[in-house]
Amino acid sequence: MIAVSIALLQHVTSVPLARALRPRSCHAVSAPSRKLSASSPSRATHVDPHVLLGMTEPELQQVAVDLGQQGYRGKQLHHLIYKRKIKDIQEFIQLPQAFRNNLQEAGWTVGRSPIYQTVTAADGTVKLLLKLEDNRLIETVGIPVEVEKGAMRLTACVSSQVGCPLKCSFCATGKGGFSRNLKRHEIIEQVLAIEEIFKHRVTNVVFMGMGEPMLNLKSVLEAHRCLNKDIQIGQRMITISTVGVPNTIKKLASHKLQSTLALSLHAPNQKLRESIVPSAKSYPLEAIMKDCKEYFLETNRRVSFEYALLAGVNDAVDHAVELAEMLHEWGRGHHVNLIPFNPIEGSEYKRPYNKAVQAFAAALESRKITVSVRQTRGLDASAACGQLRNEFQKSPLRIDSNNTSQSESDIAVAC
Ligand code: SF4
């Protein structure tokens, strides 16, 4: 969903193919040996019980107790993982060596992946490729903006899936196919990796990277909890984006998060939307708008409508008028983000002229719809949204020790 939603750099400097193909030794991590009592807080942990990242402080305390330590060691673990952001158990030097060894022997890891590649655009945007345990690469983007003297807003644009099954017509990720959902720690670690690169706290998180967050809602919600409670990023600083998956907006609303919902709309009517977003066939616009209204009523958080402007397709003033009418029909609490399309190789779509973008925005504003035109980041490095695929599709991104062939679903790209 990064895709058009955030125009970002996507240029990856060329890496010798041999490096790209270097096999990674597999290390099998055995399941932890700990046993949980019925009242154990660890029972709340549903994901990767051998990964520390993503666990709450009570859960970490339970891990310590299960390994014969006192509960306060869990508090220390929490501090080391989330405040000190240490990546390796053996670097927890505040903990006794025996405890560190026990953790490792029981199969625990912190859950941080190596940074495989970084590319920096002239505007400071940085794209990272993280290499996951199964050798898949995912990308995440750090977008720095100077807000006032010396202060920086650092936005992490995170992926929720490896690839995406939804195949939006303008999106490079959709064209690259789907591999798997990300686990919660694989979402959280993207934020920590960006902090590591920028040596700065991430202030904002947008779930607009690879994948449809609502198709991996459980992990997204768990990551959201951790980002908010453990890493201390305000809920209001987190945006969850979706192109629309039936029954999930209501589910998200029921959690009453104080986070923004961003709906990738891209068209003011069902027919046009279906031609741009094929998955829209199963979720009529009227039903989506109803669910967005409920999200607003449940959370009192406005819904942001993302609208990729595709030249000659959905960028006419008439479309803006139709959009304004539809939004008024569904009440208040709306904001429209216009995203002039970033051309990708082989795409049938073109970027609209600035004049068309301005006319579209003006038509909305004159009808009292708040609107912003998203600034494109990273285009100077041929790296705007959706372009990484053009750089990497021909390169194997997943390396199995006994199979070096590439399949579409192995291609980790952001749209
Ligand atoms: S194909 Fe997937 S990642 Fe791309 S815009 Fe659509 S939902 Fe987002």
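The values are calculated or read from the model by the stated rules, or taken from the named source; none is laboratory data. Computed from a prediction, not measured in an experiment: that's the story for all the values here. Here the Cβ positions follow ideal geometry from the backbone for every residue, glycine too, while neighbour counts run over all protein chains shown.
Quick check on my filter: what residues within region 128-163 are within 26 Å of Glu348 (Cα to Cα) and either away from the ligand (no atom under 16 Å from the Cβ) or touching a Leu at 6+ places or on another chain (Cβ under 8 Å) (or both)?
Ile138, Glu139, Thr140, Val141, Cys157, Ser159, Gln161, Val162, listed by residue number.
Is region 146-154 home to any residue that is in the same structural domain as His200 (by TED's automatic domain parsing), within 29 Å of Phe178 (Cα to Cα) and at pLDDT 95 or above?
The answer is yes; a qualifying residue exists.
Does region 170-190 contain any residue that is small (Gly, Ala, Ser), within 16 Å of the ligand (Cβ to nearest atom) and touching a Pro at 6+ places or on another chain (Cβ under 6 Å)? Give the derivation first.
Within region 170-190, the subset small (Gly, Ala, Ser) is 172, 174, 176-177, 179.
With the extra rule that they be within 16 Å of the ligand (Cβ to nearest atom), the set shrinks to 172, 174, 176-177, 179.
Imposing the further condition that a residue be touching a Pro at 6+ places or on another chain (Cβ under 6 Å) reduces the set to none.
Checking region 170-190: not a single residue is small (Gly, Ala, Ser), within 16 Å of the ligand (Cβ to nearest atom) and touching a Pro at 6+ places or on another chain (Cβ under 6 Å).
Tell me, please, whether a residue that is in a loop (DSSP other than H, G, I, E, B) and either under 22 Å from the mean Cα position of the chain (by Cα) or β-branched (Val, Ile, Thr) (or both) can be found in region 291-311.
Yes, region 291-311 has at least one match.
Matching residues to (1) crowded, with 17+ Cβ neighbours inside 10 Å; (2) closer than 17 Å to Leu129 by Cα; (3) at pLDDT 95 or above; (4) of a type in the set (Gly, Ala, Ser):
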{"site": "Phe360", "(1), (2), (3), (4)": "yes, no, yes, no"}
{"site": "Gln375", "(1), (2), (3), (4)": "no, no, no, no"}
{"site": "Ala384", "(1), (2), (3), (4)": "yes, yes, no, yes"}
{"site": "Asn403", "(1), (2), (3), (4)": "no, no, no, no"}
{"site": "Asp410", "(1), (2), (3), (4)": "yes, yes, no, no"}
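Looking at region 351-376, which of its residues are within 30 Å of the chain's Cα centre (by Cα) and assigned to a loop (DSSP other than H, G, I, E, B)?
Within region 351-376, Arg351, Pro352, Tyr353, Ile369, Thr370, Arg374, Gln375, Thr376 qualify.
Is one or more of the residues making up region 296-304 surrounded by fewer than 23 Cβ atoms within 10 Å (Cβ to Cβ), among the hydroxyl-bearing types (Ser, Thr, Tyr), assigned by TED's automatic domain parsing to the domain that holds Ile238 and away from the ligand (no atom under 16 Å from the Cβ)?
Among the residues of region 296-304, at least one is surrounded by fewer than 23 Cβ atoms within 10 Å (Cβ to Cβ), among the hydroxyl-bearing types (Ser, Thr, Tyr), assigned by TED's automatic domain parsing to the domain that holds Ile238 and away from the ligand (no atom under 16 Å from the Cβ), which makes the answer yes.
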